[in-house]
Amino acid sequence: MFHVYGVGGRLYSGGAENMPVTPVRRIERLDTVHAFMADERAEALDTPPTDTPARPPHGVAQDAVAAYAQAAQPVPARTPRTVDTVMSRNVVTVQADATLAEAAGWLVRHGVGQAPVLDRQQQLVGLIGRAELLAVPDAAAAVEAHMLSPVPAATPTTEVRRVARVLLDSGLPGLPVIDADGGLAGFVARGDLLRVLAEEAALDTWT
């Protein structure tokens, strides 16, 4: 599940498919494949029958049957990896009423490239990163005037592969992670996902 937070509080809760800031692009290649296969089947029906091919040797037939039987076995179910297993729990945050100079110093001091922005009630309202800081010449401007908002946030039980999809679609460097009470529970960055891929087989991570 994902949420979207802005200065007005929580604006959306639900799946990535309907999230207003990260529309999911429909994959149309499958339609093309189906159309191609339909044309191939039609051509095959119009083709006159040819001589019956010779039966394969007995051993080859047995090997083919064995391979088919092995392929037909059900694939063991894997539990998808969730955000709580990869996110950073010690999160650097920035206050919405801080200046850009203060935010830049805070990010540099902690060695991070982006940080969730919280209001005075410590609720998520946006995200600030190096790109936003470098784009504004006025270092005395308030963070809330230049932060990314509204911003999507994941929950600890969101599947990692869905977070990866949202990051690709939105172009964001990472997502805040919100607990059941609306509090900030962590942050999952692109680097966290790359670290998992470097340490584990891809199927164990994304399936």
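Starting from the 7 Å offset along Cα-to-Cβ, what nm value, one decimal, do you get for the label separation of Gln122 and Thr85?
Reported label-point gap for Gln122 and Thr85 is 3.0 nm.
At 0.36 nm per residue, minus the direct Cα-Cα distance, what do Glu17 and Glu199 gain on full extension? Give it in nm, one decimal, please.
62.6 nm
Rounded to whole Hz and in sequence order, give me ³J(HN,Hα) for segment 103-118 from the Karplus expression 6.51 cos²θ - 1.76 cosθ + 1.60, θ = phi - 60°, writing x for Gly and Pro.
3J(HN,Hα) across segment 103-118, in whole Hz: 5, 4, x, 5, 5, 5, 4, 9, x, 10, x, 7, 7, x, 9, 10.
Under a Cβ-only charge scheme (Lys and Arg +1, Asp and Glu -1), can you give me the dipole magnitude of segment 101-207 about the Cα centre, in debye to the nearest 20?
Using only the charged Cβ atoms, the result is roughly 180 debye.
When the chain is fully extended, how far beyond the present Cα-Cα distance does Thr99 get from Asp138, taking 0.36 nm per residue of separation?
13.1 nm
For segment 95-138, which trypsin sites (Lys or Arg not before Pro) are in a loop by DSSP, counting at most 12 other Cβ atoms within 10 Å?
Counting only loop positions with at most 12 other Cβ atoms within 10 Å, the trypsin sites (Lys or Arg not before Pro) in segment 95-138 are Arg120.
Read-outs: derived from the displayed coordinates by stated rules, not from any lab. If you're wondering where the values come from, they're calculated on a predicted model, not measured in any experiment. Neighbour counts run over all protein chains shown; Cβ positions are idealised from the backbone, glycine included.
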